[in-house]
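The block underneath contains the structure these notes are about, expressed in C-alpha cells.
The values are calculated or read from the model by the stated rules, or taken from the named source; none is laboratory data. As the structure is a computational prediction, the values presented were derived from the model and not from experiment. Here the Cβ positions follow ideal geometry from the backbone for every residue, glycine too, while neighbour counts run over all protein chains shown. We work out accessible area using only protein heavy atoms, side chains counted, and drop any ligands, DNA or RNA first. Shrake-Rupley method; radii C 1.70, N 1.55, O 1.52, S 1.80 Å.
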Amino acid sequence: MVAAHVRRACIDIGSNTTRLLVAECEADRLREVHQDRAFTRIGRGIASDGMIGEAKIAEVVGVVSAQLERARELGSSEVLGVATAAIRRAANGSTLVSAIEGACGLRVQILSGEDEARLAFIGAAGTLGHRPSGALGVVDVGGGSTELVVGTAPHDIGWWFSCAVGSGDLADEYLRSDPPTAAELAAARAHVAAALDGVQVPLPLEAVAVGGSATSMGRLAGSLLDRAAFERSFSTLAAERAAEVARRFALDLERVRLLPAGLLILEAVSNLFGTALQLGCGGIREGVLLEAGGFA
C-alpha cells in the first residue's frame with residue numbers, strides 16, 4: 001500500500017532543459033514543493049556524428065548531481081530520472097546515462113516516444129482540475145520531439161503519435177535571426193506541416209498543451225491558445241528582439257529564443273486537433289510521479 005503522503009522527485013533530462021520537480025504525492029494528487037531547471041541544450045550539443053560531446057556530458061552530470069542533492073535535501077524518499085528525445089537519438093546516449101549513475105548514483109531511464117506520450121498524458125490529465133466529458137487531446141512540445149496523445153482521462157490512451165520535430169531543433173535549423181524573419185517563419189512552418197502531413201488524429205473534445213514552450217506561453221498569451229492568441233504572439237515574437245520580449249514578460253532569454261519554434265508547432269497541432277489548446281499544469285515529470293504512486 002502506498003503511504004498517504006510520500007515526497008518524491010523527478011529529474012527530467014530533456015533536449016532543451018534538465019528539470020527537477022519535487023512534490024508531495026498522495027494517491028491521484030500532487031502538491032509541488034520545489035522545481036528548477038537548467039538550459040543544458042543537449043540537442044544542440046549533438047555533433048554531426050551523433051555523439052554528445054564530453055564537455056556537454058560533464059555539464060549535464062554536474063546539473064543532475066546538483067538537482068539530486070537538492071531533491072534529497074528537501075526530503076524526497078525516491079528520486080526518479082528520465083531522459084527524452086535528444087538522449088534517445090544520440091549515438092552515445094547510454095554513455096551519458098552511465099556517467100550520471102557513476103557520478104551520483106541516479107539511474108536514468110531513456111524514454112521511448114510512446115513512454116513520453118503516455119507520461120505527458122497522465123501528467124496533463126492528472127493535473128487538469130476537472131474530468132473532461134469526452135476525449136482529451138494532449139500535445140507535449142519538447143526540444144527534440146513532439147508527442148500527440150488522445151485518450152480518456154485520467155490515463156486511458158486511445159491514440160498517440162511521436163513527431164521528430166521539437167522547438168530546439170526547429171529554432172536551430174530555421175529561426176536564426178533575432179527576431180525571426182517572415183521567410184524564416186514560413187520555412188519553419190512548412191517543415192512542421194510536412195512532419196505532420198498525413199497524420200490522422202481522432203478529434204478530442206478538448207486539448208491541453210504541456211512542455212516548456214506551452215508553460216512560457218502563459219505569460220505571453222494567457223491560458224488559452226486560440227487563433228487570436230496565436231496571432232498576437234506571432235506579432236510580438238516577429239517584431240521584437242528576444243531580450244526585449246524576455247524583459248517585458250519576465251521570461252528566460254533562452255526560452256524566448258525557442259518560443260517562435262514552439263509556437264509554430266503548437267499552432268499546427270491545434271489545427272490538427274480542431275480546437276484551441278488549454279495550457280496544462282503538468283506533463284512528463286508529473287506523469288512520472290503519478291505513475292510511481294500507482295495512479296495509472
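Determine the dipole magnitude for the chain: charges of +1 sit on the beta-carbon of Lys and Arg, -1 on that of Asp and Glu, nothing else is charged, the reference point is the Cα centre, and the result goes in debye to the nearest 20.
On the way: 27 positive and 35 negative charges, 90 e Å.
With only Lys, Arg, Asp and Glu charged at Cβ, the dipole is about 440 debye.
Taking a label point 7 Å from the Cα of Arg189 along the Cα→Cβ vector, which residues of the range 258-293 have an amide N closer than 18 Å to it?
Once the point is set 7 Å along Cα→Cβ of Arg189, 259-277 turn out to lie under 18 Å by backbone N, inside the range 258-293.
When DSSP beta bridges are limited to those with both residues in the chain, what percentage is antiparallel, rounded to the nearest 5?
Details: 33 of 50 bridges.
The answer is about 65 percent antiparallel.
Could you work out the relative contact order of the range 159-296? I mean the mean sequence separation of Cα pairs under 8 Å and 6+ apart, divided by the number of residues, in percent. Intermediate results must be reported in sequence, preceding the final value.
Values: 155 pairs, mean separation 50.7, N = 138.
That works out to 37 percent.
Please name whichever of Pro180, Val208, Thr152 sits farthest to the positive end of the charge dipole of the range 127-212, dipole taken about the Cα centre and charges placed at Cβ: Lys and Arg +1, Asp and Glu -1.
Thr152
Specify which residue in the list Gly222, Gly294, Val141 is farthest towards the positive end of the charge dipole of the chain, using unit charges on the beta carbon of Lys, Arg (+1) and Asp, Glu (-1), about the Cα centre.
Gly222
Pull out a ≥ b ≥ c, the square roots of the eigenvalues of the alpha-carbon gyration tensor of the range 186-296, then state rounded if a/c is under 1.5, prolate if not and a/b is larger than b/c, and oblate in the remaining case. Each step should come with its number before you reach the end.
Details: a/c = 1.91, a/b = 1.22, b/c = 1.57.
Here the range 186-296 falls in the oblate category.
When only C-alpha pairs under 8 Å and at least 6 residues apart count, what is the relative contact order of the range 1-99, in percent? Intermediate values should be presented prior to the final figure.
Details: 175 pairs, mean separation 33.7, N = 99.
Answer for the range 1-99 is 34 percent.
Report, by chain and number, residues whose modeled amide H sits under 5 Å from the one on Ala83, excluding near sequence neighbours (fewer than 5 apart, same chain).
Amide H neighbours of Ala83: Ile13, Gln109, Ile110, Leu111.
In deg cm²/dmol and to the nearest 500, what is the mean residue ellipticity at 222 nm of the chain if only DSSP H runs of at least 4 residues count, each as -39500 (n - 2.57), divided by the residue total? Walk me through the numbers on the way to the answer.
On the way: 11 runs with 133 residues, N = 296.
Value at 222 nm, helices only: -14000 deg cm²/dmol.
Just to check I understand the Karplus step: with θ = phi - 60° and J = 6.51 cos²θ - 1.76 cosθ + 1.60, what whole-Hz values come out for the range 214-231, glycine and proline as x?
Calculated HN-Hα couplings, in order: 5, 4, 5, 5, x, 6, 7, 10, x, 8, 10, 9, 10, 4, 5, 5, 4, 4 Hz.
Got a sec to turn the phi values of the range 172-186 into Karplus ³J(HN,Hα) couplings, 6.51 cos²θ - 1.76 cosθ + 1.60 with θ = phi - 60°, whole Hz, x for Gly and Pro?
Once rounded to whole Hz, the list reads 5, 7, 10, 10, 9, 8, 10, x, x, 7, 4, 5, 5, 4, 5.
Can you grab the distance from the C-alpha centre of the range 223-294 to the C-alpha centre of the range 125-154, Å, no decimals?
About 15 Å separates the Cα centre of the range 223-294 from the one of the range 125-154.
What list of ³J(HN,Hα) couplings, whole Hz, do you get for the range 65-77 from phi and the Karplus terms 6.51, -1.76, 1.60, once you set θ to phi - 60° and write x for glycine and proline?
Here the 3J(HN,Hα) series is 4, 5, 5, 4, 4, 5, 4, 5, 4, 7, x, 5, 7 Hz.
If each residue of separation counts as 0.36 nm, what is the full-extension length gain between Val6 and Ala103 once their alpha-carbon separation is subtracted? Please report the intermediate quantities before stating the final value.
Working: separation 97, 0.36 × 97 = 34.92 nm, distance 2.59 nm.
That pair, Val6 and Ala103, stretches by 32.3 nm at full extension.
Would any residue of the range 202-223 have its amide N under 20 Å from a label point 7 Å out along Cα→Cβ of Thr275? List them or say none.
What the label zone holds, given the 20 Å backbone N cut-off, is 202-211, 214-215, 218, 222-223.
So for the pair Asp252, Glu173, with labels modelled 7 Å out along Cα→Cβ, what separation do we get in nm?
2.3
Keeping every protein chain present and rolling a 1.4 Å probe, give me the accessible area per residue for the chain in Å².
Details: 12370 Å² over 296 residues.
Each residue of the chain exposes 42 Å² on average to a 1.4 Å probe.
Using r as the Cβ-Cβ distance of Leu203 and His34, and R0 as 30 Å, what FRET efficiency do you calculate, to the nearest 0.05?
Numbers: r = 38 Å, r/R0 = 1.25.
After rounding, the FRET efficiency stands at 0.20.
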